[in-house]
Amino acid sequence: MNSCTYCGTYTIRIHSKSLTLLLAGILLLLLSGCSVKWTEAIRYGSVAQHEIKETVDIDIQKRLIILPVTLNGKEYRFLFDTGAPFSISGELQEENNFKIISKGKIVDSDKNKKQVDWAQVDSVFVGDVLFLNQTAFIGDFEANPIMKCLEIDGIIGSNFIRHCNWMIDQENNTLSLLSSVDEQTNENGIAIPFNTDHQYNIFIDMNFGQARVKNILVDYGSNGSVALSNEIFTTLTNKSIIDTEFLESGIKQSGIIGESVELKRKLTFSDSVRIDDLALKNVLIQTGETVSVGNQLLSRFQLTIDWNNKNLYLTTPEKEVNRIGLAGFRLGSSTDKGIYVQSVIEESNAYKSGIRPNMKVIKIDSLDFENGNDFCDYVEYDLKDEIFMQLIDSEGKKLDYYFNKTY
C-alpha cells in the first residue's frame, strides 16, 4: 500500500465490552526534573487579534496538508496536524534560539520514545494572524524518510490550533482562520460534538454498523483512513460488521522518530461506517497503535473546527467516493538497504505475483533508482492501476513483476 502515516502521540486503553476508547492519562510526555511540566507549558500562548477572518492557500501532498507559516519575517512549510503538539525543527531552533522551557520524552505513533526540548516560540504568523508565546517541541523531521521528502519545517499542532476556529476546504486548497463560526456553516452538513484532552487533541464518536466507538482521534497528520485497535477490530468481526479482512505484514516506519517496528495489520473496506446520521461508503479500516480517523477520510468533507462550541461541522459529500485500489505493498528507504519493500498485503496481487518484504527495489514503473531517481521521487509519484517493478530477491537475482492494484 502506497501510504505513509504520521499520527499524534499518546497512550490509550480500550474497554472491550463497550467498545469505548478511554483516555489513560495521556502519557505523551514523561517529564522529570523540569521547572515547567508539559501539562502547564502546553497551555501557554494566545492569539493577538480579537476579530479573525483569514484564508491561506495550502498544498496537499500524499493526503497531508502543508501550509505557509512565517517566523521572524521568513516563510516556512508546516504540517497541519490535529493529532500532535506544535513543533519546530532543530534547524529552526538553531536559527532563532528560542527559550527552552522544559525537557521530556515524546512517544511517537510507532511507540518509539525520544528525549526532546520544549521551546517557547515568541511569535508565529499564519497569514496575517499573529500567535504569541506558543509552546513547541523541537523535532527531527529528517529521521523518517517520508517526512524528510515532505521538507517540512514544523507542525501546526493541536495546542496551537485551539486558539481559533479553522475551516479546512481541501477541494479548493484553502484553510481559513476564524474568530467565530457563521451559523450558515452547518446548513448543508452536520454538527458533531467533540471532546479534548490535555494536549487539545480532538475526539469524536463514530458508528460501525450497530456498534459505537467513542473518542476516536481526529488526525489530520495521518494520511490513512480509519485505524482501530485489534480488540475493536476483532469485536466488529465477531459481530459480523466486518466480514472480510486482509493481512499486511513486514515492518513499518511511520512515526516521527523514524525507527522501524514490526508490522502485522488487518485491514478491510466497509460500507457500515457512520458519523452521526451520515453514512459513508467504501471506508478503508485497518488496525493500528492508535484509534483515529485520518485525512484519507476527512478529505471527503469541508470541515470546520468550532472551538467556541466544541463542534465539528462536516459538509455532506456531493458524490459517493469509489473504493480505492491498493498497491498491496509499502516501500521504505535506509542507508544499508537502499529502497526496499517494507510490507506486503498477503491477499493482494502484489503478493500473488511474488513480492515479499525486504526485497530491494531497482525500478517501479518509470522510476529507476539505479539511474537518477531517489526515494523522494517515489513519495511524489502516483501509482497507476497497472504496476511494473524490478526487484532483487533474497538470492540476489533481478526479477521483473507486472500486476494490477487490488480492488
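Read-outs throughout are calculated quantities, based only on the coordinates presented, and are distinct from any laboratory measurement. Everything quoted here is computed from the prediction, not taken from an experiment. Don't worry about glycine lacking a Cβ; one is built from the backbone with ideal geometry, like all the others, and counts go over all protein chains shown.
Along the positive direction of the dipole of the range 103-162 (beta-carbon charges: Lys, Arg +1; Asp, Glu -1; about the Cα centre), which of 104, 121, 143 reaches farthest?
It is 104.
When the helix-only estimate is applied to the chain (DSSP H runs of n ≥ 4, each -39,500 (n - 2.57), divided by the residue count), what is the mean residue ellipticity at 222 nm, nearest 500 deg cm²/dmol?
-2500 deg cm²/dmol
Each residue of the range 361-378 in turn: what ³J(HN,Hα) in whole Hz from Karplus with 6.51, -1.76, 1.60 and θ = phi - 60°, glycine and Pro shown as x?
9, 9, 9, 9, 6, 8, 7, 10, 7, 9, 9, x, 7, 10, 5, 5, 4, 5
Would you pull out the residues with amide H under 5 Å of residue 102's amide H, same chain only if 5 or more places away, H placed 1.01 Å from N?
Amide H to amide H, under 5 Å and 5 or more residues apart or across chains, residue 102 pairs with 118.
Going by amide H atoms built from the backbone, whose H comes under 5 Å of the H on residue 127, apart from near neighbours?
70
Determine the principal axes of the Cα atoms in the range 330-407, then give the extent along each, sorted from largest to smallest and rounded to whole angstroms.
So the extents along the principal axes, rounded to whole Å, are 31, 29, 18.
When DSSP beta bridges are limited to those with both residues in the range 329-404, what percentage is antiparallel, rounded to the nearest 5?
Around 100 percent of the beta bridges assigned by DSSP in the range 329-404 are antiparallel ones.
What residues from the range 338-371 fall in the zone where the backbone N is under 13 Å from a label point 7 Å along the Cα-to-C-beta line of residue 381?
Taking a point 7 Å out along Cα→Cβ of residue 381, the residues of the range 338-371 whose backbone N falls under 13 Å are 339-341, 361-371.
Want the number for residue 100 to residue 319: 0.36 nm per residue separation, take away the alpha-carbon distance, what's left?
74.0 nm is the gain from fully extending residue 100 to residue 319.
Per residue of the range 126-135, what does 6.51 cos²θ - 1.76 cosθ + 1.60 with θ = phi - 60° give for ³J(HN,Hα)? Whole Hz please, x for Gly and Pro, Karplus curve as stated.
10, x, 9, 8, 9, 10, 10, 6, 8, 8
Based on a Kirkwood Rh over C-alpha pairs, give the Stokes-Einstein translational diffusion coefficient of the chain at 25 °C and viscosity 0.890 mPa s in µm²/s. Spell out each step's value before the answer.
Working: Rh = 22.0 Å.
The calculation lands on 112 µm²/s.
Return the aspartates and glutamates within reach of residue 363: Cα separation strictly under 20 angstrom, same-chain partners fewer than 8 residues apart disregarded; answer none if there are no such residues.
Cross-link targets: 336, 374, 377, 380, 382, 385, 386, 393, 395, 400.
To the nearest 20 Debye, how big is the dipole of the range 329-404 about its Cα centre, given +1 on the beta carbon of each Lys and Arg and -1 on that of each Asp and Glu?
300
What list of ³J(HN,Hα) values in whole Hz, one per residue of the range 70-76 in order, does the Karplus curve 6.51 cos²θ - 1.76 cosθ + 1.60 (θ = phi - 60°) give from phi, with Gly and Pro shown as x?
Coupling constants for the range 70-76: 10, 10, 6, x, 10, 8, 10 Hz.
Looking at this model, which pairs from 264/398; 111/148; 113/266 are more than 30 angstrom apart at the alpha-carbon?
none
Once you compute Rg and the Kirkwood Rh from C-alpha atoms, what is the Rg to Rh ratio for the range 184-315?
0.97
Can you list residues whose amide H is under 5 Å from residue 65's amide H, if they're 5+ apart or on another chain and H is modeled 1.01 Å from N?
Those lying under 5 Å, H to H, from residue 65 are 80.
Could you sort 144-153, 64-73 so that the peptide with the highest average Cβ count within 10 Å comes first and the rest follow in order?
144-153, 64-73
Quick one: of the DSSP bridges fully inside the range 28-178, what percent are antiparallel, nearest 5?
For the range 28-178, the DSSP antiparallel bridge percentage is about 85.
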